[in-house]
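Computed from the coordinates by the stated procedures, all read-outs in this text should not be read as laboratory data. Values in this document were obtained by computation on a predicted structure and should not be read as measured data. Positions of Cβ are backbone-derived with ideal geometry, glycine not excepted, and every protein chain shown enters the neighbour counts.
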Ligand SMILES: CC(C)(COP(=O)(O)OP(=O)(O)OC[C@H]1O[C@@H](n2cnc3c(N)ncnc32)[C@H](O)[C@@H]1OP(=O)(O)O)[C@@H](O)C(=O)NCCC(=O)NCCS
């Protein structure tokens with residue numbers, strides 16, 4: 001379900017846009033992305049890592065905005081011959097409105113535009129919503145990294161969409 005256009009700016013003013021839009025993440029979004037990540041992740045990225053990610057080449061760093069508010073993000077980096085989806089988050093008050101799907105679809109569209117590569121990611125084995133989201137994009141289970149998450153020693157499920165897991169080098 002997508003968010004709808006519901007508001008207006010009052011008589012004589014332009015309508016307020018309530019449809020979700022995707023755009024490139026900017027340095028000025030970092031505080032908002034950090035706030036979302038802190039709300040949804042047990043191990044949020046420190047701000048300096050978000051800043052550093054934005055400064056790199058070979059990344060897909062996008063946000064979803066509604067009006068002027070950042071409501072979600074995806075960070076992905078190209079590692080050797082695969083896109084690695086590093087982090088995904090949607091503000092909890094916007095869950096189940098299609099924002100995560102919109103972000104993943106745009107990230108994959110942008111990745112495919114740059115190069116025809118596969119995509120990989122790690123996700124907590126208990127994270128049913130995210131695993132379900134990734135499966136809708138054709139990600140499949142390719143293995144487990146035991147004890148990957150430092151907060152509770154939880155295993156990570158390794159998922160791939162296309163690409164060849166055996167072809168990946170260890171360089172970025
Ligand atoms: C995972 C997450 C990004 C999904 O975002 P979202 O905007 O709520 O997802 P969408 O509304 O676009 O849902 C798309 C699909 O994902 C799956 N999904 C999303 N939330 C789900 C849930 N709570 N239970 C089961 N499936 C779910 C469904 O297949 C859904 O399709 P449907 O609504 O047609 O059934 C969001 O729950 C989140 O931010 N979680 C915390 C952070 C996180 O886990 N990030 C991933 C780290 S690897």
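So if I check each of 101, 96, which one is within 17 Å of residue 135 (Cα to Cα), within 11 Å of the ligand (Cβ to nearest atom) and in a loop (DSSP other than H, G, I, E, B)?
Numbers: 101 fails: in a loop (DSSP other than H, G, I, E, B).
Criteria check complete, one pass: 96.
Which residue, of 85, 71, is under 17 Å from residue 163 (Cα atoms) and buried (at least 20 other Cβ atoms within 10 Å of the Cβ)?
Every option except 85 fails the conditions.
Restricting attention to the stretch 27-41, and to residues there that are surrounded by fewer than 18 Cβ atoms within 10 Å (Cβ to Cβ) and under 13 Å from the mean Cα position of the chain (by Cα), which single residue is nearest to residue 94 (Cα to Cα)?
Taking the candidates together, the pick is 40.
Which one of these is assigned to a strand (DSSP E or B), within 9 Å of the ligand (Cβ to nearest atom) and under 20 Å from residue 28 (Cβ atoms): 85, 71?
71
Among (1) within 16 Å of the ligand (Cβ to nearest atom); (2) within 27 Å of residue 150 (Cα to Cα); (3) in contact (Cβ under 8 Å) with a residue 12 or more places away in the chain; (4) part of a helix (DSSP H, G or I), which single condition is residue 38 missing?
(3)
For the stretch 126-147, how many residues are touching a residue at least 12 places away in the same chain (Cβ under 8 Å), away from the ligand (no atom under 11 Å from the Cβ) and more than 19 Å from residue 75 (Cα to Cα)?
6
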